[in-house]
Amino acid sequence: MAKRQALSWGVPACARLLWALCACACALVVAVVADAHADVDTSTGNGDNTLTNTVIEEPEFTDVIQNVTVPAGRSVRLACSVKNLGSFKVAWMHFEQSAILTVHNHVITRNPRVSVTHDKHRTWFLHISDVREEDRGRYMCQINTVTAKTQFGYLHVVVPPSIDDSLSSSDVIVREGANVTLTCRANGSPKPTIKWKRDDNSKISITKGHSVSEWEGEVLDMARISRLDMGAYLCIASNGVPPTVSKRVKVSVDFPPMLWIPHQLVGAPLYYNVTLECFTEAYPTSLNYWTREDGHMIHESAKYHMENTVGMPQYKTHMKLLIRHIITEDYGMYKCVAKNPRGESDGTIRLYTSSPPTTTPDPRSLTTPSPSRPPRRDTPLVDKGTKYQSNLNEIDKGKQKSDEGGGKTHLNWVGGASHVTDNAAWRSVHPKILVLIYALMKLLELF
């Protein structure tokens with residue numbers, strides 16, 4: 001009985017002990033928690049204990065990302081400015097390509113032209129070297145907060161024009177009267193504009209009645225082209241980014257030879273030199289030569305010299321044939337002949353004999369001999385017969401000499417004036433002298 005009483009006391013005593021221990025533990029936990037949240041306010045000096053929350057400022061951007069324009073091949077730098085970054089991180093991304101480029105100090109992309117730097121974690125710089133056209137687009141700077149913060153900047157890449165030879169026309173050869181189309185394609189950013197001009201600045205013939213100094217557009221159409229349209233055409237591409245580029249396209253127009261002869265009849269004296277001429281037009285360039293009327297080709301020799309001079313435009317040629325020391329066999333017909341793959345043409349020139357050129361003497365340099373004088377009578381008239389006969393003979397001789405003069409007028413230029421002496425005036429005096437002499441002789445016979 002005593003033993004059963006002892007056991008009944010012991011069970012309640014253990015339960016009460018466990019309850020007390022649990023109560024102490026709970027009180028200790030409450031005290032610790034209260035102590036951890038308790039804060040003594042000493043700023044006022046009142047000694048009051050207050051609970052406060054510590055506020056952490058989130059990072060934010062301090063400036064926008066500037067848009068940048070850069071020529072291809074140069075280097076560029078984009079800047080992203082932040083504050084209160086703390087333990088957060090900054091990342092750069094190419095928005096159009098959906099590509100992460102950098103995160104904090106690390107380069108993620110495999111593009112070796114991309115790098116990143118920072119200014120004490122305040123400004124983060126994205127560097128791109130050797131900029132290419134595919135680098136253009138929006139670039140995003142992002143801070144990895146709970147709700148990500150982002151801003152954008154745009155990179156414009158300008159590219160100077162370049163002409164795509166594979167898509168553009170090269171030199172062309174067409175028949176006269178055909179239509180021609182020239183094409184010029186160019187790349188660049190912004191898209192280049194195309195203009196056409198002729199290399200010699202002459203006008204471009206679009207149609208028969210429509211000509212322009214220049215034509216704008218990638219395609220140049222010319223209808224019914226002629227030899228006058230032959231030459232070089234320039235395709236000029238520009239987009240405001242230097243340098244402007246151009247491509248030269250040569251247009252050749254095929255046509256058969258044509259001849260023009262300025263003088264079909266040429267006169268020359270014997271033993272003189274003479275030059276025969278022909279003008280030809282042909283493309284491709286013609287084979288030019290000379291023949292005689294029998295078809296025999298003339299070759300370079302001491303007798304003949306041939307010369308072909310290319311004119312402007314280059315499809316024109318001036319043909320010359322020099323014939324030296326003309327003899328009788330050289331007179332006759334000559335042919336100038338022009339041949340090319342499109343045809344043949346010839347022209348005829350006739351060489352005939354002519355008188356040598358004469359020159360009129362200058363009257364101021366003309367000199368003539370002095371007029372002849374009548375014969376002198378050296379023997380006096382003394383004898384009646386023989387002396388008279390002698391004088392008469394002398395008179396006759398003088399008359400003969402006078403007659404030999406032929407009654408010609410003699411000119412003597414002095415100071416530009418002429419003096420005229422006529423032998424006929426002297427001859428008219430002779431009969432009177434004879435009559436006078438005869439009368440004297442009769443008078444002497446009377447004595």
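Counting only residues that are closer than 14 Å to residue 298 by Cβ and buried (at least 19 other Cβ atoms within 10 Å of the Cβ), region 336-350 holds 3 of them.
In region 282-342, counting only strands (runs of 3 or more DSSP E) that sit wholly within it, the ones holding 2 or more residues that are touching a residue at least 24 places away in the same chain (Cβ under 8 Å) span 287-292, 316-323, 332-340.
If the condition is being acidic (Asp, Glu) and either in contact (Cβ under 8 Å) with a residue 24 or more places away in the chain or surrounded by 13 or more Cβ atoms within 10 Å (Cβ to Cβ) (or both), then region 192-226 contributes 199, 200, 214, 218, 221. A search for C-beta distances below 6 Å between a residue of region 164-187 that is closer than 13 Å to residue 246 by Cβ and touching a residue at least 40 places away in the same chain (Cβ under 8 Å) and any residue that is in a helix (DSSP H, G or I) and basic (Lys, Arg), counting only pairs 6+ apart in sequence or on different chains, returns nothing. Pairs are defined by a Cβ separation below 7 Å, a sequence spacing of at least 6 or placement on different chains, a first member in region 129-151 that is aliphatic (A, V, I, L, M), and a second member that is outside any strand (DSSP E or B); the pairs so defined are 131/72; 131/73; 131/74; 131/75; 140/95; 143/59; 143/88. When each of 91, 79 is tested for being part of a strand (DSSP E or B), modelled with pLDDT of 95 or more, open to solvent by 30 Å² or more (accessible area, probe 1.4 Å) and outside the structural domain of residue 236 (by the TED database), the lone residue that passes is 79.
Take the residues in region 234-258 that are outside any strand (DSSP E or B) and at negative phi, then tell me which one is most open to solvent (accessible area, probe 1.4 Å). Here the answer is 242.
Every test in (1) of a type in the set (Lys, Arg); (2) outside any strand (DSSP E or B); (3) in contact (Cβ under 8 Å) with a residue 24 or more places away in the chain is passed by residue 110 save one, and that test is (3). Of the residues making up region 259-289, those that are among the aliphatic types (A, V, I, L, M), farther than 14 Å from residue 335 by Cβ and open to solvent by less than 70 Å² (accessible area, probe 1.4 Å) number 4.
The values are calculated or read from the model by the stated rules, or taken from the named source; none is laboratory data. Small disclaimer: the values here were computed from a predicted structure and weren't measured. So basically every Cβ, Gly included, is an ideal-geometry build from the backbone, and we count neighbours across all protein chains shown. With ligands, DNA and RNA removed, areas are computed over all heavy atoms of the protein, side chains included. Shrake-Rupley method; radii C 1.70, N 1.55, O 1.52, S 1.80 Å.
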